[in-house]
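Data block below; observations after.
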Amino acid sequence: MIRSFSAALIAVACALVFTTPAFSKTCTRLGFSVNDYGKEGPIRDAKALLDKYIAQWTSEQGIKRYRTGRKKVTCELFLDLIIFDEYTCKASASVCWNGPPYVVEKDKALKRKKKSS
C-alpha cells in the first residue's frame, strides 16, 4: 500500500515538473513623477498617469495580459512658499506578466546595428 502510494506520488510530481510552462512570471517596477502645487492633486495625477504609462509601456513591449501591484506614492516638498507649497510626487507599482523578460530599447538598437553591419 505504501509502495503504491509512493509510486503514485512520484508520478504526480514528475507530471507537474514536466508540464510547467516554458515561461514563468516576470515582473518589473515602473514609476511616474508629477510636480504640482498642493499635495492631493499631484498624488491623484501621479497615480492616474502611472496607469496610462503602464498601459503604454506594456503595449510597446507586446505584453497583452499583465497584472499591476499596489501603487506606492511618495511625495517630497519641492518649494516651500508661505501661501502654497509645491510637491513632487512619485507613484510606482510592480507590473507582472507571464512570459519572457522584456528587452530594453538600447539592447534592441544594438542588436539592429549588429545585424545591419
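Taking the residues in the range 1-36 that are at pLDDT 90 or above and hydroxyl-bearing (S, T, Y) as candidates, determine which candidate is nearest to the chain's Cα centre (by Cα). Among those that are at pLDDT 90 or above and hydroxyl-bearing (S, T, Y), it is T28.
Only residues that are modelled with pLDDT of 85 or more, open to solvent by 50 Å² or more (accessible area, probe 1.4 Å) and not in a strand (DSSP E or B) were counted in the range 67-117, giving 2. Contact map, the range 54-73: first residue touching a residue at least 24 places away in the same chain (Cβ under 8 Å) and over 20 Å from C89 (Cα atoms), second residue open to solvent by less than 50 Å² (accessible area, probe 1.4 Å) and polar (S, T, N, Q), Cβ cut-off under 8 Å, separation 6 or more or different chains; pairs are Y66/T58.
The values are calculated or read from the model by the stated rules, or taken from the named source; none is laboratory data. Given the structure is predicted, the values throughout are model-derived calculations rather than measurements. Cβ: placed from backbone, ideal geometry, glycine included. Neighbour counts: every protein chain shown. Just so you know, the surface numbers come from the protein's heavy atoms only, side chains and all, with ligands and any DNA or RNA stripped out. Shrake-Rupley method; radii C 1.70, N 1.55, O 1.52, S 1.80 Å.
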